[in-house]
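What follows is a short report on a single structure.
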Amino acid sequence: MPTMLCGLVVATVLSKANLERFACCVWKLRNFSLHGKQITRLENMVESTMEMLAVFKSCKKRSRALGHEGSGRGLGGCCCDHDGSFIFGFSYGDPPGLDVLGTKLAAVREGLLMVGYMGFTWFNIGLDSQEAVAILKDGMDWWSNIGNVVEDVRRLMVDREVVGVFYQHRKGNGVALGLAQHGLRARSRLFWKDRAPPWLSILLDKDRTTT
């Protein structure tokens, strides 16, 4: 029975408020050092400064990798048969107007549309979000901004005769996450079928040994 795995990658940059806090901590340490003043809670201040510096460096690297300043999300998914062999994969960058949970559900919707294009039915869906799994399993109405996405996904699940939805730990979801990262970089819809590109085949092999 085929299984579709979906993933999400979020890229962020340091907020202006955190950057100001970081600069303020550094400036205080500098002034206290110059004027020989005793610093209360020095360890906490140094630790806080180093943590913000680490976040700053991490976000700076992400911005370089993305080639622009800002934040974004990439989503992706992969469909494999019961032996773990590749059937198709997709990636998509920066769906508008959705939070993290909404973007995960949008990844499922995108995958279900691809499944319909391929003509498949009777398969499982694996997600690395327990909250998203719970939403798709219950029958409650959602009146937030993700309500329309949830409704679309549930309708498509019925149309595609989805057997079940299960939680897939991130350690065994490398293919979907790799596709999501690809979508974040490419900022466009991409689709592969029948044969996975070499970089994706490597992730498939890793997932097989992990799960």
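Only the coordinates and a few stated rules stand behind these numbers; no lab work does. Not measured: the values here are computed from a predicted model. For neighbour counting, all protein chains shown are included, and Cβ atoms are generated from backbone atoms with ideal geometry for every residue, glycine included.
What chymotrypsin sites (Phe, Trp or Tyr not before Pro) does the stretch 73-126 have in DSSP loop regions with at most 11 other beta carbons within 10 Å?
Sparse-neighbourhood loop chymotrypsin sites (Phe, Trp or Tyr not before Pro): TRP122.
Step through the residues of the stretch 175-188 one at a time and calculate ³J(HN,Hα) from phi using the Karplus curve (6.51 cos²θ - 1.76 cosθ + 1.60, θ = phi - 60°), rounding each to whole Hz and writing x for Gly and Pro.
5, 5, 5, x, 5, 5, 4, 5, x, 5, 6, 6, 6, 7
Going by amide H atoms built from the backbone, whose H comes under 5 Å of the H on ILE125, apart from near neighbours?
MET4, GLY164, VAL165, PHE166
Can you work out the Karplus-derived ³J(HN,Hα) for every residue in the stretch 81-86? Use 6.51 cos²θ - 1.76 cosθ + 1.60 with θ = phi - 60°, whole Hz, and x for glycine or proline.
7, 5, 8, x, 7, 5
Any idea how far apart ASP194 and VAL100 come out in nm if each label point goes 7 Å out from Cα toward Cβ?
Taking the simple label geometry, ASP194 and VAL100 are separated by 3.9 nm.
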